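Some notes on the structure that comes next.
Since every read-out is calculated from the coordinates, none of them should be taken as a lab result. The shown structure was predicted, so the numbers you read here are calculated from the model rather than taken from an experiment. Glycine also receives a Cβ, built like all others from the backbone with ideal geometry; neighbour counts cover every protein chain displayed.
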Amino acid sequence: MLKVLVVEDDASVASLVRNLLDSEGYGVVITTDVESAWGTAITEDPDAALIDLYLFGREAGWDVIERLRANEHFRELPIVVMTGVSGQDTIDRARALGCEYVNKPFSPATLLDRLSLVIRRAGRSPGTRSVGVVMLLTSYRIEGSVHLETDLARFSDGWEAVIHDSREFIPVTDAKVKSPDGKQTLVSSALIEVRKADVHAVFPLE
């Protein structure tokens with residue numbers, strides 16, 4: 001079981017996140033401020049962290065992240081920044097610290113996909129492998145990587161498992177949205193979410 005440190009001072013949000021992660025099989029430890037977050041990280045040694053930027057009225061979440069990143073043991077800890085603050089500066093700072101970003105209010109699927117993404121990138125997610133794919137939608141072609149179960153060796157079996165899991169959207173990393181003929185790249189993104197119902201066909205990327 002992977003353990004997630006949640007740093008969140010809003011009790012209702014913390015409770016929602018705990019219930020969500022519990023339902024997905026994660027272990028959860030919750031703290032509310034910089035010092036308790038640091039102490040809990042040392043004693044619990046989490047596999048990942050979800051950190052709210054605003055704690056008790058100030059952007060103390062950055063202090064938590066910077067303290068973790070300054071410690072060799074936590075330098076590569078998968079972290080997702082949770083915040084209601086929008087803007088490219090916030091996103092850029094999060095990425096510079098090796099973190100993913102999710103804006104409040106977020107959907108459960110979005111939070112789980114961001115968490116899964118950082119865990120996979122850090123190599124802490126057992127049982128999955130990254131596979132390059134091409135997805136054909138009505139007006140677009142999407143190229144990127146999806147994560148399939150390692151015990152399902154055939155691409156068709158792995159993709160079938162993705163289609164029948166409980167998520168409405170499929171996270172695609174290192175994604176390129178292209179014209180239907182594949183000749184023109186319209187958008188590139190580290191992560192996009194593709195609605196399963198919109199995918200007409202999929203095949204491995206050669």
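Rounded to the nearest 20 debye, the dipole size of the chain about its Cα centre is 620 debye, using +1 on the Cβ of Lys and Arg and -1 on the Cβ of Asp and Glu.
Between beta-carbons, use under 10 Å as the cut-off and find the net charge around G182, counting Lys and Arg +1, Asp and Glu -1.
Working: positive: R141, K176, K178, K183; negative: E143, D181.
That sum, taken over residues with Cβ under 10 Å, equals +2.
Take the alpha carbon gyration tensor of the stretch 1-83, find the square roots of its eigenvalues, order them as a ≥ b ≥ c, and report rounded if a/c is under 1.5; if not, report prolate when a/b exceeds b/c, else oblate. Each step should come with its number before you reach the end.
Numbers: a/c = 1.84, a/b = 1.09, b/c = 1.68.
Taking the square roots of the gyration eigenvalues as a ≥ b ≥ c, the stretch 1-83 is oblate.
Dipole magnitude for the stretch 1-52: about 160 debye, using +1 per Lys or Arg Cβ and -1 per Asp or Glu Cβ, origin at the Cα centre.
When the chymotrypsin sites (Phe, Trp or Tyr not before Pro) in the stretch 41-73 are filtered for DSSP coil states and for at most 14 other beta-carbon atoms within 10 Å of their beta-carbon, the remaining sites are F56.
Can you list which of the trypsin sites (Lys or Arg not before Pro) found in the stretch 115-206 are DSSP loop residues with at most 10 other C-beta atoms within 10 Å? Please list the in-between numbers first.
Values: sites: R120, R121, R124, R129, R141, R154, R167, K176, K178, K183, R195, K196; in loops: R124, R154, R167, K183.
Loop-located and lightly packed - R154, K183.
Here the contact order of the stretch 3-121, divided by its residue count and restricted to Cα pairs under 8 Å and six or more residues apart, works out to 23 percent. Trypsin sites (Lys or Arg not before Pro) within the stretch 7-105: which are DSSP loop residues with at most 14 other Cβ atoms inside 10 Å? Passing both the DSSP loop test and the Cβ count: R75. Beta bridges per DSSP, both residues in the chain: antiparallel share near 60 percent. Placing +1 on each Lys and Arg Cβ and -1 on each Asp and Glu Cβ, with no other charges, gives the stretch 128-204 a dipole about its Cα centre of roughly 300 debye.
The residue among L112, T173, W62 whose Cα reaches farthest toward the positive pole of the charge dipole of the chain, with charges on the beta-carbon of Lys, Arg, Asp and Glu, is T173. Report, ordered by chain and residue number, the lysines lying within cross-link reach of K3, taken as a straight Cα distance under 25 Å and ignoring same-chain residues fewer than 8 apart. Within reach: K104.
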